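Below is one structure, written out as structure tokens; the observations come after it.
The values are calculated or read from the model by the stated rules, or taken from the named source; none is laboratory data. As the structure is a prediction and not an experimental result, all values here were calculated from the model. Note: ideal-geometry Cβ built from the backbone for every residue, glycine included; neighbour counts use all protein chains shown.
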Amino acid sequence: MSLSKMPLVDANHAPDASSCTLDSQRTLYPYVTGTSVVAFKYKDGILMAADMGGSYGSTLRYKTVERVKPIGKHSLLGASGEISDFQEILRYLDELILYDNMWDDGNSLGPKEVHNYLTRVMYNRRNKFNPLWNSLVLGGVKNGQKYLGMVSMIGVNFEDNHVATGFGNHLARPILRDEWNENMSFEDGVKLLEKCMRVLLYRDRSAVNKLQIAKITEEGATIYPPYSLKTFWGLEAYKNPTAGAEGSW
Amino acid sequence: MFRNQYDTDVTTWSPAGRLFQVEYAMEAVKQGSAAIGLRSRTHVVLACVNKANNELSSHQKKIFKVDDHIGVAIAGLTADGRVLSRYMRSECVNHAFTYESPLPVGRLVVQLADKAQVCTQRSWKRPYGVGLLVAGLDESGAHLYYNCPSGNYFEYQAFAIGSRSQAAKTYLERRFENFMDSSRDDLVKDALIAIRETLQGETLKSNICTVAVVGVGEPFHILDQKTVQQLIDAFEIVGEEEPPAAEAEDTADQETAAGEGAPAEEGAAPMDI
């Protein structure tokens, strides 16, 4: 090495492997992901649905991932995106709800409070260039007031009467815009959810045919056992997908 | 001069199980000019007596807005009161930032009491020399709390602190059973009368008192002087005649002279109050 280059490297602070890599581990891309969550208000509260697939890249690797969870007494959280980040968020929320309960003073965090808390967490993490790789849907009922909102991985947040993450935003929301109304019964709501989930199942390659529906009302959250939708793949067009689209080999 | 072996340090117990420094801090609350508070199901009213230290100075502010739903009235060291109300403001604003909702009054009061308690257990600190009446409205309704230097806090229907507050307490004790269903205006009226009780032969005028209200559909605010004067005139609240007021002063002096600080009627250790 020529002497002229020596001053560039301080012998006491020679760059070593650890200082370069160890302090900058962050989520650069997600590993195991869940796909769409669909949710909307109905007569008694909020309905939410998500399938149970966990994709490792494009491999459908896990089939029983619960992506809808109750938070405290009044809220329901659904997540798409990185599953491990969602589990971390659930740990944050468990602690939040625990400390809230420890006051034991009759006050409790409602869906609005939890939604805003999540907004702060997500935006704060993106400001550290270390985002939690999720789209979150938060629904709930408190004091007769229905609440439904979304938070993105960079902290964008809003409330709406019906929301959907990921592909659902493209495929389910148009259906909801046409067919949703605030005073739907539970049965009509489930039918509408299934319609959305069926479209997603057909057109979203990461969707799996095992889904959970959840509701939250003034009485609390209920997450129903997973089940499958009836599908029909026997259409002529499915039989020989490459017919009429001949490739070069 | 009277010397006490056990009062040079906050953290030193007397053999009788007392912390004299803490009791002295409680005494500072009694020296301050009076502040009272009372509440109904929907409203809380705070009121205080404004006293200038000096002919040439104006009086110090004794009622502070903490947030839209919380306010405090203080008696004792105003400087300590300001520090504590700044702390309360910051707690409220931080809660609003994180949760977009108002901090429940009871929780703020517990945090405040914990802060005061720490000062009674550290050799390098001194207790706050201020009593706070915390008025607030939250999901569970209207609340009135009293926080004292010992780190204790209590919820009240109505309460009075500061010099000659016993007279106001007596008045409030006679009337408090009706407060729950009182209208806002009746609360203000009772607040003004209670304040008048603490005056020593002086006429109640808007320039020597401050009144603040918080309630359903009404964010915490201090009534302006003109409004207060109109209320005083409307209710025809005038100064008491000399004799009863002079009596009240005598009893207050005796209590201070006794130095024990225990209200005669309860006989409890001062820290309990």
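The table below gives the values:
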| read-out | value |
| --- | --- |
| Residue within segment B:191-209 that is assigned to a strand (DSSP E or B), in contact with a strand residue (DSSP E or B) (Cβ under 7 Å, 6 or more places away or on another chain) and surrounded by 14 or more Cβ atoms within 10 Å (Cβ to Cβ) present | yes |
| Some residue of segment A:13-30 being over 24 Å from A:Gly155 (Cα atoms), modelled with pLDDT of 95 or more and not in a helix (DSSP H, G or I) | no |
| Qualifying residue in segment A:175-198 (condition: touching a residue at least 40 places away in the same chain (Cβ under 8 Å) and either touching a Gly at 6+ places or on another chain (Cβ under 8 Å) or of a type in the set (Lys, Arg) (or both)) | yes |
| For B:Tyr171: the one exception among (1) touching a Lys or Arg at 6+ places or on another chain (Cβ under 9 Å); (2) hydroxyl-bearing (Ser, Thr, Tyr); (3) touching a residue at least 60 places away in the same chain (Cβ under 8 Å) | (3) |
| Top-ranked residue of segment B:84-126 - restricted to ones that are among the hydroxyl-bearing types (Ser, Thr, Tyr) and in a helix (DSSP H, G or I), ranked as farthest from the other protein chains (Cβ to nearest Cβ) | B:Ser85 |
| Residue list for segment A:101-131, restricted to those being in a helix (DSSP H, G or I), facing chain B (nearest Cβ under 10 Å) and under 21 Å from B:Asp114 (Cα atoms) | A:Trp103 |
| Of all residues making up segment A:59-81, the number that are out of contact with any helix residue (DSSP H, G or I) (no Cβ under 9 Å at 6 or more places or on another chain) and surrounded by 13 or more Cβ atoms within 10 Å (Cβ to Cβ) | 8 |
| Yes/no for A:Leu138 being within 16 Å of the chain's Cα centre (by Cα), at negative phi, within 14 Å of another protein chain (Cβ to nearest Cβ) and modelled with pLDDT of 95 or more | yes |
| Hits in segment B:63-82 - residues which are touching a residue at least 12 places away in the same chain (Cβ under 8 Å), assigned to a helix (DSSP H, G or I), of a type outside the set (D, E, K, R) and within 17 Å of B:Lys115 (Cβ to Cβ) | B:Gly81 |
| Residue match in segment B:150-165 (condition: in a helix (DSSP H, G or I), within 12 Å of the chain's Cα centre (by Cα), touching a residue at least 60 places away in the same chain (Cβ under 8 Å) and more than 14 Å from every other protein chain (Cβ to nearest Cβ)) | yes |
| Subset of segment A:102-136 (residues that are hydrophobic (A, V, I, L, M, F, W, C) and farther than 17 Å from A:Arg91 by Cα) | A:Trp103, A:Phe129 |
| Residues located in segment A:170-197, provided they are among the charged types (D, E, K, R) and crowded, with 17+ Cβ neighbours inside 10 Å | A:Arg173, A:Glu194 |
| Qualifying residue in segment B:128-137 (condition: away from chain A (no Cβ under 14 Å), surrounded by fewer than 23 Cβ atoms within 10 Å (Cβ to Cβ) and closer than 27 Å to B:Trp13 by Cα) | yes |
| Unique match (being of a type in the set (Ser, Thr, Tyr) and crowded, with 23+ Cβ neighbours inside 10 Å) among A:Ser152, A:Ser135 | A:Ser135 |
